1. Taking the dipole about the Cα centre of the chain, with the C-beta of Lys and Arg at +1 and of Asp and Glu at -1, give me whichever of N401, A728, A513 is farthest to the positive side.
2. In the neighborhood of R701, defined by Cβ-to-Cβ distances under 13 Å, what is the net charge if each Lys or Arg adds +1 and each Asp or Glu adds -1?
3. When the Karplus curve 6.51 cos²θ - 1.76 cosθ + 1.60 is applied with θ = phi - 60°, which whole-Hz ³J(HN,Hα) does each residue of region 731-747 get, with x for Gly and Pro?
4. Determine, for Y636, Y563, the number of other Cβ atoms within 10 Å of each Cβ, and report the residues in order from fewest to most.
5. On a C-alpha basis, how far is the centre of region 402-443 from the centre of region 697-715 in Å? Whole number, if you could?
6. Report the semi-axes of the equivalent ellipsoid for region 409-534 in whole Å, largest first, where each axis is √(5λ) for an eigenvalue λ of the Cα gyration tensor.
7. Per the Kirkwood formula on distinct C-alpha pairs, the Rh of region 24-147 is how many angstrom?
8. Residue-wise, which Karplus ³J(HN,Hα) couplings in Hz belong to region 464-479, taking 6.51 cos²θ - 1.76 cosθ + 1.60, θ = phi - 60°, and x for glycine or proline?
Amino acid sequence: MTPGGDTRSDSNVVTTTVQAVCAVSVTPGGTVAAPGQSADLLPGERAVFRYTVVNAGNAQTTLPLAARREEGSAFAPAVALYADLNRNGALDSGEPLISSVDLAPDASADVLLVADAGPSDQGDAFVNLVASCGGSQSSANVSRVRVGAPPVLNVTKTFTPALVRPGTETTVNVTAGNAGQGSSREVVLTDLLADQLAQGLSFVAGSASASRGTLEYTSDGVAWSAQETQPVRGVRVRASSLAPAETLNLSFRMLATPSAEGRVIPNTATVQSRALSASSTATADVRYLPGVAIGPLDQPLAPEGTAQDTQTRPFAVVGQQVCFDHTVQNTGDVSDNFRVVITYPQGAAQATLSGPGGAPLTQPLPLAPGQTSLVRVCYSPSQTGALDALITVQGERGTSNTTRDLVTAIENGLPELRKSVVATSADGAVLAADATVAVGDRLSYTLTVRNPFARPLTGVVVSDPLPAHVDGQGASDGGTLSGAAGAQVAEWRLGTLAPGESRTLKVEATVSARAVDGEALTNVFNLVTTELPTPLPSNAVATPVWSAQLLIDKTVSSQIVTYGDRLTYTLRVRNASATTAVVDAVITDTPARGLLYLPGTATLGGQPFADPAVTDGQLRWNVASIPAGGEVVITYAIRVTPEAATELDNVVQVVGTGAGGVARAIASNQAKATVRLDPLKFAPVSDLLGMVYVDRNRNGRYDAGVDTPIERARIVLAGGRLALTDAAGRYHFSNVAFGTQALRLDPSTVPYPALAVPADGGLSGTRTVQVRGLTSVDFPLAPLGGEVGALRRTSLQVGDLRLDKVVTAVSGGYVVELTLSTPRDLPEFRLEDPLPGGAVLKEGSNTLSTTLGAGETKLTYRFDWTGEARAATTDPAVSWRY
């Protein structure tokens with residue numbers, strides 16, 4: 001202490017120690033009587049309670065935590081504690097299960113108490129979060145878990161209709177219900193359709209509806225949309241809850257496509273609400289219901305096998321048709337093709353089937369649903385006795401139905417029907433049976449009918465349709481004439497013909513001005529009875545009509561002839577009928593002995609005409625038609641032979657048929673042409689012959705093995721006579737008059753030029769010769785390209801083709817001549833004639849590619865070659881398509 005200054009005095013030291021305080025706080029709190037939190041569950045659900053744990057002490061402390069069930073709980077839920085790391089009050093993935101929390105002073109942690117109710121739990125359970133700190137606890141943190149009565153979900157599904165025809169729709173109804181005592185959570189009622197689409201059922205757009213909730217669609221079964229997708233492979237409805245006894249309905253339509261036919265298609269719908277689910281399956285049977293019925297006319301549905309389904313006739317005749325009418329109906333719901341089959345439990349017959357209009361029944365018979373068709377069955381019994389026929393109609397879809405036809409008695413024989421006619425001329429003279437008639441002549445027809453059976457024939461009607469070109473004048477025995485001119489019918493209704501009874505009837509008519517030459521007035525009458533409803537025809541009587549003539553004129557080119565002369569005849573045939581052509585006319589010419597027809601000389605209308613058929617010296621031509629009022633002109637030539645007599649008569653006749661009828665039109669005149677033979681004009685005759693050949697060595701004479709004969713070369717003798725050379729190149733003229741004669745080789749018939757002969761003035765191919773006795777004149781031809789040398793030949797026969805090859809040596813090489821002969825065209829013809837090795841083609845071509853025409857074709861070419869002569873000839877190759 002300093003005098004006059006501050007003084008300081010220190011007390012004793014006091015020490016205060018701050019001790020750790022452990023305290024914990026949990027919110028929200030609660031008791032069993034007053035729970036802090038409550039959750040309403042359904043059995044099997046989970047409750048999550050959120051708690052906040054606070055370290056209320058003054059030191060960092062690890063606080064033990066525990067979850068427990070309190071006394072008074074109706075059930076024991078499973079409990080656990082989790083850290084709510086993100087403090088969102090929900091249990092998220094990755095949040096750990098805990099039994100304690102480590103907190104700084106005043107720090108807090110969010111903790112989740114999870115309680116799981118079992119599937120059979122019900123009532124109230126109390127759970128508690130207990131937090132400890134030292135010796136103290138926070139244990140008044142009770143929450144309540146209330147589990148109500150469970151819902152019971154069910155679902156039903158139907159197809160209406162369940163039997164679906166292809167091409168039609170069916171309605172799908174799916175209903176979910178809650179049969180429990182408690183309400184459900186969100187309900188999803190789902191119907192997936194992918195399998196049904198694959199089997200031919202398709203969703204009908206815009207057809208889905210629900211009783212409530214939200215409709216959704218999917219095209220892949222994963223993603224759902226409130227907008228209708230394309231395609232729709234699933235449809236569902238979502239509702240927030242289903243109360244007890246409440247239902248949820250989903251409805252839509254599906255179309256059965258043709259590919260679904262014959263399938264039974266299942267479909268399963270599912271209802272789900274959290275862990276609860278139920279399903280139901282229904283099936284759609286996609287098929288048609290085919291059906292068919294047959295019965296008497298207009299009664300196809302008559303019960304099968306009953307009297308109503310049986311038709312009966314009392315009487316029929318062997319070989320005579322008896323007919324029954326039936327109606328077939330498609331009683332199904334789909335078009336089908338049907339066949340009608342006849343069997344015979346008793347008797348035997350030949351059956352013919354016809355449809356509407358009497359046309360033959362087309363089988364199979366197509367019928368749409370409900371459609372009907374007439375089927376007429378006509379039997380021709382083949383034996384006596386009863387006839388029992390079973391008619392069965394069968395559908396391609398497996399359906400069938402029968403009806404029965406019965407004929408009580410079948411007998412042999414037929415009613416006897418005879419018809420005859422007598423013709424009378426306009427002046428009253430009775431004409432011969434085979435005579436022709438003319439306009440105005442009278443025809444008297446007699447009709448006789450007789451019942452040969454031991455039973456009467458009833459309802460007998462005799463009808464006689466008169467020929468169109470006669471006019472009826474009256475009918476006997478009460479008969480009537482009806483119809484317009486040209487379509488008249490005489491008819492008698494005779495009632496009943498007793499067994500063995502006969503009736504004779506007459507009808508008178510005149511030949512109408514409508515009749516035309518060449519027609520036959522054919523008449524047949526018919527008989528029908530109640531027992532024989534099919535008209536029975538009588539024999540036919542035919543009366544030919546013809547009044548005009550075939551007029552013939554015949555001329556000859558010369559009136560006086562001698563031996564060897566050639567005569568030309570001209571024949572004119574005129575059809576005097578103004579209405580009717582004559583067809584299939586046969587012209588017969590009978591030349592006198594010593595007149596010989598010259599082949600190839602006939603003409604018709606100035607055009608070449610076929611040679612006549614020659615039988616026993618007669619010449620016959622066929623002419624297809626001689627028009628009404630027209631004529632045909634035929635010319636032909638003959639040769640006068642040494643057998644000729646002094647008077648040579650040539651007679652011709654024409655026979656034809658009136659077009660459209662059977663009447664024969666025979667000319668009333670025979671044309672004759674006469675010529676006179678003048679023996680004083682006779683002069684001695686000779687034979688003229690010779691050869692046509694290729695003079696390859698140009699020596700002016702034919703050398704066998706060197707020169708080549710020419711076949712079918714044409715030689716023309718002055719006066720018009722022709723001759724063709726044969727295979728050896730030879731020609732021949734007989735009966736050639738002595739004296740100077742001129743011959744000409746037709747150059748178009750040979751491929752080589754003729755050698756000129758100085759004695760004939762140098763005119764190539766022409767010869768003038770003095771004929772006396774046997775005279776020979778040859779025609780040598782010049783070889784091509786100055787050919788000279790040895791000749792080689794090759795022949796090839798392949799099918800229709802003959803190939804002749806001639807190889808001739810010339811200076812420095814060879815000339816090849818190919819001759820191709822065929823009776824018909826050869827398409828896509830190819831020829832290759834190979835050259836010898838080292839040869840050089842100089843002229844022409846050794847190949848040919850074409851359609852080879854019928855007849856003879858020649859090909860010539862030249863090649864140079866220095867090899868051996870024997871190797872100069874090669875083998876040609878040919879091909880063509882048949």
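No value in this document is a laboratory result; all are computed from the given coordinates. Owing to the predicted nature of the structure, the values given are computational and were not obtained by experimental measurement. Don't worry about glycine lacking a Cβ; one is built from the backbone with ideal geometry, like all the others, and counts go over all protein chains shown.
1. Among N401, A728, A513, the one farthest towards the positive end of the dipole of the chain is A728.
2. Once all neighbours under 13 Å are counted, the net charge is -2.
3. 10, 7, 10, 9, 6, 8, 5, 4, x, 6, 10, 10, 10, 9, 7, 5, x
4. On the way: Y636 24, Y563 20.
Result, fewest neighbours first: Y563, Y636.
5. If you average the Cα positions of each part, the centres end up 76 Å apart.
6. Working: eigenvalues 185, 42, 30 Å².
That gives 30, 15, 12 Å for the three semi-axes.
7. Working: mean 1/r = 0.0690 Å⁻¹.
Here the Kirkwood hydrodynamic radius works out to 14.5 Å.
8. Values, residue by residue: 10, x, 6, x, 4, 10, 10, 10, x, 10, x, 10, 7, 6, x, x Hz.
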